[in-house]
1. In a strand (DSSP E or B) and either surrounded by 12 or more Cβ atoms within 10 Å (Cβ to Cβ) or free of Cβ contacts under 8 Å to residues at least 60 places away in the same chain (or both): does that describe residue 74?
2. With the requirement that a residue be in contact with a Pro (Cβ under 9 Å, 6 or more places away or on another chain), farther than 13 Å from residue 65 by Cα and assigned to a strand (DSSP E or B), what does the stretch 1-23 give you?
3. For the stretch 13-47, what are the residues that are among the polar types (S, T, N, Q) and more than 16 Å from the ligand (Cβ to nearest atom)?
4. Mind checking whether some residue in the stretch 48-71 is within 16 Å of the ligand (Cβ to nearest atom) and either surrounded by fewer than 12 Cβ atoms within 10 Å (Cβ to Cβ) or assigned to a loop (DSSP other than H, G, I, E, B) (or both)?
Amino acid sequence: MKGKTFTEIRVDEKLCEVCDKPLRTEEKVLKTVQINDYNSYSNLLTRQRAHDRVEVDLEEKKIYVYHHDYPGEVHQSCIEKL
Ligand SMILES: [Zn+2]
């Protein structure tokens with residue numbers, strides 16, 4: 001792996017208060033990241049451990065950084081189960 005440019009995308013997952021599953025997600029392109037060798041790739045992954053979850057799509061050259069958020073909402077179907 002050498003000299004690849006990845007797009008870093010922040011994904012905000014709005015989670016349901018009842019079931020912890022996403023109500024919706026919001027994606028925002030943060031920046032492009034240059035990955036020159038395996039070291040910068042593994043550095044990236046180490047750095048990203050501070051986040052809730054990171055997924056790297058090697059084919060699409062995208063890095064998804066997930067953040068969890070509880071907007072104080074629940075699924076309609078979860079309300080009915082309560
Ligand atoms: Zn739910």
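Throughout, read-outs are computed from the coordinates displayed, never taken from laboratory work. As the structure is a computational prediction, the values presented were derived from the model and not from experiment. Don't worry about glycine lacking a Cβ; one is built from the backbone with ideal geometry, like all the others, and counts go over all protein chains shown.
1. On the way: in a strand (DSSP E or B): no; either surrounded by 12 or more Cβ atoms within 10 Å (Cβ to Cβ) or free of Cβ contacts under 8 Å to residues at least 60 places away in the same chain (or both): yes.
Here the answer is no, as residue 74 does not meet what is asked.
2. Of the stretch 1-23, the ones in contact with a Pro (Cβ under 9 Å, 6 or more places away or on another chain) are 13-17, 23.
Filter once more, so that each one left must be farther than 13 Å from residue 65 by Cα: 14-17, 23.
Of everything in the stretch 1-23, those that are in contact with a Pro (Cβ under 9 Å, 6 or more places away or on another chain), farther than 13 Å from residue 65 by Cα and assigned to a strand (DSSP E or B) turn out to be 14, 15, 23.
3. 32, 34, 36, 39, 40, 42, 43, 46
4. Yes: the stretch 48-71 contains one or more residues that are within 16 Å of the ligand (Cβ to nearest atom) and either surrounded by fewer than 12 Cβ atoms within 10 Å (Cβ to Cβ) or assigned to a loop (DSSP other than H, G, I, E, B) (or both).
Residue-wise test of (1) over 16 Å from the mean Cα position of the chain (by Cα); (2) not β-branched (Val, Ile, Thr).
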position: 9; (1), (2): no, no
position: 55; (1), (2): no, yes
position: 61; (1), (2): no, yes
position: 64; (1), (2): no, yes
position: 71; (1), (2): yes, yes
